[in-house]
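What follows is a short report on a single structure.
The values are calculated or read from the model by the stated rules, or taken from the named source; none is laboratory data. Since this is a predicted model, take the numbers as computed values, not measurements. Positions of Cβ are generated from backbone atoms using ideal geometry, with glycine treated the same way; all protein chains shown enter the neighbour counts.
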């Protein structure tokens, strides 16, 4: 018996809803769309939890500060 991570289950449910809403349309660039949609709020929460400290947020995310800054810029989240 496998246990599903609640976050993983939530993503799965939302993807099922997304496909249902698409109807007969074919999705394009699904992976990049999902990553982009998930990455933005993850970056925002990491910054909130680190009180805006980018070094702490980067450590929390397991990325370098430089990578964090690039991602923040890509999502128009630069202060």
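Across the stretch 50-79, what is the total count of residues that are more than 15 Å from the chain's Cα centre (by Cα) and modelled with pLDDT under 95?
Selection size over the stretch 50-79: 2.
Which of the residues that make up the stretch 1-39 are touching a residue at least 12 places away in the same chain (Cβ under 8 Å) and farther than 26 Å from residue 74 by Cα?
Passing the criteria: none in range.
Residue check: is residue 8 in a helix (DSSP H, G or I) and at pLDDT below 95?
Here the answer is yes, as residue 8 does meet what is asked.
Could you please tell me which pairs satisfy a Cβ distance under 6 Å, a separation of 6+ or placement on different chains, a first residue in the stretch 51-79 that is touching a residue at least 24 places away in the same chain (Cβ under 8 Å), and a second residue that is assigned to a loop (DSSP other than H, G, I, E, B) and loosely packed, with under 14 Cβ neighbours inside 10 Å?
What qualifies is 72/78.
So is residue 17 under 15 Å from the mean Cα position of the chain (by Cα) and outside any loop (DSSP other than H, G, I, E, B) or not?
For residue 17, the condition - under 15 Å from the mean Cα position of the chain (by Cα) and outside any loop (DSSP other than H, G, I, E, B) - is not met.
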